[in-house]
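Scroll down for the structure; my scribbles are underneath it.
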Amino acid sequence: MKVIAINGSPKPKGNTFLALNTVCEELEKQGIATEIIHIGNMDIKGCISCQRCKDGYCYYSD
């Protein structure tokens, strides 16, 4: 099993990271692999349901 923790804060090493890191440390003590992914500085948009992904193209990947 692996747990992926997503940090959506704009501060990569701020309080959200510290909280996620604490949780991940406890999970790892129990033998569960973890990874923290920081997305707070990324321009992520939601799916607009254009169905182009079926052709291997995404509207937002330009």
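For the range 1-21, what are the residues that are open to solvent by less than 50 Å² (accessible area, probe 1.4 Å) and among the small types (Gly, Ala, Ser)?
Once the filter is applied, which keeps residues that are open to solvent by less than 50 Å² (accessible area, probe 1.4 Å) and among the small types (Gly, Ala, Ser), the range 1-21 yields ALA5, SER9, GLY14.
Just to verify a result, which residue in the range 22-62, among those that are at pLDDT 85 or above and touching a Cys at 6+ places or on another chain (Cβ under 7 Å), is least open to solvent (accessible area, probe 1.4 Å)? Spell out how you get there, then give the answer.
If we filter the range 22-62 for residues that are at pLDDT 85 or above, which is where we start, we get 22-43.
Still in the running and touching a Cys at 6+ places or on another chain (Cβ under 7 Å): 34, 36.
On the way: THR34: 28, ILE36: 52 Å².
Ranking the qualifying residues of the range 22-62, first place goes to THR34.
Every residue, every condition in (1) of a type outside the set (S, T, N, Q); (2) within 15 Å of the chain's Cα centre (by Cα), yes or no:
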position	(1), (2)
ASN21	no, yes
CYS24	yes, yes
GLU28	yes, no
ILE32	yes, no
ILE36	yes, yes
ASN41	no, yes
CYS47	yes, no
LYS54	yes, no
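Can ALA19 be described as among the hydrophobic types (A, V, I, L, M, F, W, C), assigned to a strand (DSSP E or B) and at pLDDT 95 or above?
Working: among the hydrophobic types (A, V, I, L, M, F, W, C): yes; assigned to a strand (DSSP E or B): no; at pLDDT 95 or above: yes.
Judged against the criteria, ALA19 is not a match.
Among (1) more than 16 Å from ILE6 (Cα to Cα); (2) assigned to a loop (DSSP other than H, G, I, E, B), which single condition is GLY40 missing?
(1)
The values are calculated or read from the model by the stated rules, or taken from the named source; none is laboratory data. Just so it is clear, the model here is predicted, and its values are computed rather than measured. So basically every Cβ, Gly included, is an ideal-geometry build from the backbone, and we count neighbours across all protein chains shown. Keep in mind that these areas ignore ligands, DNA and RNA; they rest on the heavy atoms of the full protein, side chains included. Shrake-Rupley method; radii C 1.70, N 1.55, O 1.52, S 1.80 Å.
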